[in-house]
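Student: Sharing a structure below in structure tokens format, with a few things to ask.
No lab work stands behind these numbers, since they all come straight from the coordinates. Here the structure is a predicted model, which means the values were calculated and not measured. Note: ideal-geometry Cβ built from the backbone for every residue, glycine included; neighbour counts use all protein chains shown.
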Amino acid sequence: MEKQNLKKQFPINLISNFVYFVLSVLIGIWFTPYLIKHLGVAVYGLVPLAMSVIDYMGIMTTSFNSAVARFLTIGLHKEDEIEANKTFNTALWSSLLFIISVMPVLILCAYFSPKIFNIPSGQEYNSQIFFTTMVVVFSIYAISSNFLVSSFAVNRFDLRNIIKCSDIVVRVLIIVFLFSFSASKLWFVSSGYLGGALATLVGAIFVWRILTPNLKISFRNFDKSKLSNLTHMSGWVLFDQIGTVLFLSTELILVNRLCGSEAAGQYAVILPWVILLRAMSDIVSSTLTPMYFAYYAKGEIANIVNLLKKSIKFLGLFLALPVGLICGFASSLLTVWVGPSFAGLAPLMCILIGHLVFSLAILPVFAIQVTFNKVRIPAIVTFVIGVCQVVLAVFFVRVFNWGFYGIALAAVLSYLLRNIGFSLIYVAKILKIDIYACFVSLAPGIISMLVVAAASFFLEQVLRPGTWLVLLCCGISIALMYLYVIVKFILNPEEKKLFLSVIPIKKIA
């Protein structure tokens, strides 16, 4: 893939990411109160809890596919068809063997889920069916990920996002259909996830055949030496993923175990916004990852450095608007979204979301670690910080009696320590650049977020928005003003040209 094609595909990928993001937001805003209405807040808390468990189950496949993506992308860029087929088939068959080997253990854990978690009374049997189905969902996603690597390797995130949109739509339609014709049951939700997973598998296989027809499924291309290379890298990525899951996906489990199912349900109300912002940042930053691999394959380190600095600044500015709006309108947003009884969770929302403007802005540095195969030290640091977060959360709850606020604070501190305190500095050393330049790239996003949050809070105090229409009008007004100021005063001419080249409009200001 030539550099020009990478640049040409980037705005298409970015627009498709935006469409996927908008769909996720619209469905997420409607779907959470819909589930709470049909299941109750305590039972609803089991849904994001299950997704946290899936994160745990998926760390093996996620770490393995990170290594596969690197080797497959570089192989395709070097037009080495034999090597690419060995990488693909080694990954596919290894994943299948892994799923077969762990399936009995996972099903056994699902059966004993009422003893592992705090399950609302009367929901024990439903929870067993729910968690068992989610195990199957995990297996299908794990298989699909092997085929989705092709869309990553050839930089076709637009097709990847079509598959992800189909997953969401199918999932919601099935759940709504089941809730419409019978009394609401927890396992209806897992049935929707199962339908979405199957749609993902079908779409992934179709796209794989279209984009990489030179890749063939053949057990003869399973290469033990290739597996050794993949596992060597993925082993440290796995270690890193375990640590990442510890401080990204243990919050709700800790709340469930330490504070009870009702508190877990309340905490879970905030998490869709956190997950949405994380996912939004990930799809934007992951769009750049094939470009890092391509530059690395050609030895263009200066382009990697330039791209990293710009991506940190742009991602920070990109996040400043939604983070500032959510924090500023937190009380009104919760009132309009899920009801006045949840408005008291506004401080929790600000704690969990406010730091994301700089914690997530540096996501591109993780692609650098994988690109240069420098994953051992980050893996160790991430694991240690993940363990410390669990210990700190228990300490805040048991000693200071801070409840789920203590767990939230422990999560935020761990996130900042890993992303800002270590990862940014470590990548600066890998690239041999001044760490000060990286921190300077973060400043515009942080300042912009504080200004947006202050403006939003001021409007909330003046207007007290009590409907979606008023809230939406306030948000759009601030967003338009924000975009004008950013393009007019914050971006330099080169950055302005780049910004305008990747948005679907021809002129701003």
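Student: For residue 374 and residue 210, what does the FRET efficiency come to when R0 = 35 Å and r is the distance between their Cβ atoms, rounded to the nearest 0.05?
Tutor: After rounding to 0.05, the efficiency reads 0.55.
Student: Still on this structure: Below 8 Å between Cα atoms, with a sequence gap of 6+, how large is the relative contact order for the range 260-509 in percent?
Tutor: Numbers: 254 pairs, mean separation 67.7, N = 250.
Rounded, it is 27 percent for the range 260-509.
Student: Same structure, new question: Just in the range 395-480: which trypsin sites (Lys or Arg not before Pro) are loop by DSSP and have at most 16 other Cβ atoms within 10 Å? If you can, show how the numbers build up before the last one.
Tutor: Numbers: sites: 398, 418, 429, 432; in loops: 432.
For trypsin sites (Lys or Arg not before Pro) across the range 395-480 that sit outside H, G, I, E and B with at most 16 neighbouring Cβ atoms in 10 Å, the list reads 432.
Student: Going through the range 275-368, which trypsin sites (Lys or Arg not before Pro) have at most 10 other Cβ atoms within 10 Å and a DSSP loop state?
Tutor: Sparse-neighbourhood loop trypsin sites (Lys or Arg not before Pro): none present.
Student: Let me ask something else. Of the cross-linked pairs 115/164; 86/298; 164/374; 115/185, which ones have a Cα-Cα span greater than 24 Å in the structure shown?
Tutor: 115/164; 164/374
Student: For residue 443 and residue 183, FRET efficiency with R0 = 51 Å and r from the beta-carbon atoms, rounded to 0.05?
Tutor: On the way: r = 54 Å, r/R0 = 1.05.
The computed FRET efficiency comes out at 0.40.
Student: Among the chymotrypsin sites (Phe, Trp or Tyr not before Pro) in the range 108-211, which ones are in a DSSP loop with at most 14 other Cβ atoms within 10 Å of the Cβ? Mind listing them? Don't skip to the end; give the middle numbers.
Tutor: Values: sites: 111, 112, 117, 125, 130, 131, 138, 141, 147, 152, 157, 177, 179, 181, 187, 188, 193, 206, 208; in loops: 112, 117.
The qualifying sites are 112.
Student: Could you give the length gained by full extension between residue 166 and residue 402, i.e. 0.36 nm per residue of separation minus their alpha carbon distance, to one decimal place?
Tutor: Result: 80.9 nm gained on full extension.
Student: Which of 135, 387 has the fewest other C-beta atoms within 10 Å, and how do the rest follow up to the most?
Tutor: 387, 135
Student: Roughly how big is the range 260-509's charge dipole about its Cα centre, with Cβ charges of +1 (Lys, Arg) and -1 (Asp, Glu), in debye to the nearest 20?
Tutor: Numbers: 17 positive and 7 negative charges, 127 e Å.
Its charge dipole is roughly 620 debye.
Student: Once the range 364-491 is represented by equal point scatterers at the alpha-carbon sites, with solvent omitted, what log10 I(q)/I(0) does the Debye formula produce at q = 0.15 Å⁻¹?
Tutor: So the normalised log intensities are -0.97.
Student: Another question, if that's okay. Please compute one quarter of the surface area of the Cα convex hull for the range 323-396 and express it in square nanometres.
Tutor: 6.7 nm²
Student: Using a simple spin-label model with points 7 Å from Cα along the Cα→Cβ vector, what separation in nm is obtained for residue 391 and residue 306?
Tutor: Inter-label distance under the simple model: 4.5 nm.
Student: Please find the FRET efficiency linking residue 481 to residue 125, where r is the Cβ-Cβ separation and R0 is fixed at 60 Å, and quote it to the nearest 0.05. The partial results should precede the final answer.
Tutor: Working: r = 53 Å, r/R0 = 0.89.
It comes out at approximately 0.65.
Student: Another question about this same structure. Kindly state, as a whole number, the per residue volume in cubic angstrom of the convex hull around the alpha carbon atoms of the range 121-204.
Tutor: Given the Cα convex hull of the range 121-204, per-residue volume reads 77 Å³.
Student: Ok, one more. Debye sum, Cα scatterers, the range 146-185, no solvent: what log₁₀ I/I(0) at q = 0.20 1/Å?
Tutor: -0.63
Student: Return an integer: the convex hull volume of the alpha-carbon atoms of the range 260-509, in Å³ per residue.
Tutor: Looking at the range 260-509, the number lands at 139 Å³ per residue.
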